[in-house]
1. TRP297 is checked against (1) aromatic (Phe, Trp, Tyr); (2) farther than 20 Å from SER16 by Cα; (3) in a helix (DSSP H, G or I) and fails just one. What number does that condition carry?
2. Just checking, does the range 249-268 include any residue being in contact with a Lys or Arg (Cβ under 9 Å, 6 or more places away or on another chain) and either on the phi > 0 side of the Ramachandran plot or aromatic (Phe, Trp, Tyr) (or both)?
3. Just to be sure before I move on: is SER193 closer than 25 Å to SER29 by Cβ, hydroxyl-bearing (Ser, Thr, Tyr) and at pLDDT below 95 in the structure I sent?
4. Which pairs do you get when a residue that is closer than 15 Å to GLY209 by Cβ, found in the range 239-263, comes within reach of a residue that is among the β-branched types (Val, Ile, Thr) and surrounded by fewer than 18 Cβ atoms within 10 Å (Cβ to Cβ), reach meaning Cβ atoms under 9 angstrom, with the pair 6+ apart or on two chains?
5. Scan the range 189-224 for residues that are under 20 Å from ASP87 (Cα atoms) and surrounded by fewer than 18 Cβ atoms within 10 Å (Cβ to Cβ) and report the count.
6. For the range 271-299, how many residues are under 30 Å from HIS199 (Cα atoms), of a type in the set (A, V, I, L, M, F, W, C) and touching a Pro at 6+ places or on another chain (Cβ under 7 Å)?
7. Restricting attention to the range 242-266, report how many residues are of a type in the set (A, V, I, L, M, F, W, C) and buried (at least 21 other Cβ atoms within 10 Å of the Cβ).
8. Could you list, in sequence order, the residues of the range 329-362 that are small (Gly, Ala, Ser) and either assigned to a loop (DSSP other than H, G, I, E, B) or touching a residue at least 12 places away in the same chain (Cβ under 8 Å) (or both)?
Amino acid sequence: MDAYQQLVATVLEEGSYKRTRTGVDTISSFMYAYELDLGDGFPLLTTKRMDGGRWRSIVHELLWYLSGEEHIRTLREETGIWDEWADEEGHLPTAYGRFWRRFPLPDQEAWLPGEWWPDAEASWLEDAATYYDVSVAEIRSAMDRWITTEGETRVFDQIAYVIDTLNGEHPYRPPDSRRLVVSAWHPANAAVSKLPPCHYSFVFNVENGSLNLHLTQRSGDIALGVPFNIASYALLLELIARETDYKVGRFGHTIVDAHVYCGIGDRGAWYADHVNVLQERLRDATTAADRRGVGAWIEDAAPDEPEPNTDHVPGLLEQLAREPYDRPTVTITDKSLDELTAADFELHDYQFHPALRFAVAE
């Protein structure tokens, strides 16, 4: 996939050395954006192997997000990708799907004067009905679909709101609304969470009968996280398009801090003094052999890694030396969103280069 190759090359060639909270140093670049036409195939990387367990993890994780659960008790039976951040009972300090499907609403006592909130007993309904030229009953019916009460807390289902709007079932928003935003970011939770959402907000957009999705990501681990994120949100777009009878369009992606982990201890610190040399060599590397040669230079010149595969640069250089294959395709069983299981997703015609190992920076 050329767009991913370009992302890797740009960050390595233009990024800056940066220390991080994980203790694993990075080469980081501010704000990288690109888009993919999903009509060209499903964007699962082909420059490293991502089928088998990796593919199953992507599918199970997405279904877990869509379930709205805040724990990983069932997810951990299928994949361990969230184990490091959960407590012994499987609860997470932040869970994406919990906010996708159950975003907490403030109590009426906390409202500020003049604010409109979706509360069926609030006086704003009359004003809203007049403003949008619909009936109070229509608004009340929609709010009943999107809002539930858990204990004493009211929660809002953002995914249901998006689907209803795209299906023309919102009382006053058209299907091509520019307000189809889903947020996994709660500022107060993010202020204290062990790992607040990296891919924290996405927007659906209708254009010429196609459904597009744009993802904003505050932090992107290019070697490990971003390939998962691309595939996951492309699958999400496929699912929502099916649910709302749109063609699948484009996936747009903006990464605010796009980074490549480059090691810990002396290995990571080596890049502080050599990132400029690395970038000079990369700018002169015009062939696959040249890029592999830069990787060989790093392994020869840099200190040994105290922990294997925490330096992602050599592995990404190997990917840059590989020619991407054509994208695969995905088929999904014709079921409603809430009925899908991992067995309903099938990957076809996936051609790939050998797997590469990258350690997770915790």
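1. It fails just one condition, (2).
2. Of the residues in the range 249-268, the ones in contact with a Lys or Arg (Cβ under 9 Å, 6 or more places away or on another chain) are 255-257, 259, 268.
The next check asks that each one be either on the phi > 0 side of the Ramachandran plot or aromatic (Phe, Trp, Tyr) (or both); those that pass are none.
There is no residue in the range 249-268 that is in contact with a Lys or Arg (Cβ under 9 Å, 6 or more places away or on another chain) and either on the phi > 0 side of the Ramachandran plot or aromatic (Phe, Trp, Tyr) (or both).
3. Working: closer than 25 Å to SER29 by Cβ: yes; hydroxyl-bearing (Ser, Thr, Tyr): yes; at pLDDT below 95: yes.
So SER193 fits the description; yes.
4. So the pair list comes out as ARG242/ILE332.
5. 7
6. Of the residues in the range 271-299, 0 are under 30 Å from HIS199 (Cα atoms), of a type in the set (A, V, I, L, M, F, W, C) and touching a Pro at 6+ places or on another chain (Cβ under 7 Å).
7. Result for the range 242-266: 5.
8. Filtering the range 329-362 down to residues small (Gly, Ala, Ser) leaves 336, 342-343, 355, 359, 361.
If the condition is that a residue be small (Gly, Ala, Ser) and either assigned to a loop (DSSP other than H, G, I, E, B) or touching a residue at least 12 places away in the same chain (Cβ under 8 Å) (or both), then SER336, ALA342, ALA355, ALA359, ALA361 are the ones that fit.
The values are calculated or read from the model by the stated rules, or taken from the named source; none is laboratory data. Values in this document were obtained by computation on a predicted structure and should not be read as measured data. Cβ atoms come from the backbone with ideal geometry, glycine included; neighbour counts cover every protein chain shown.
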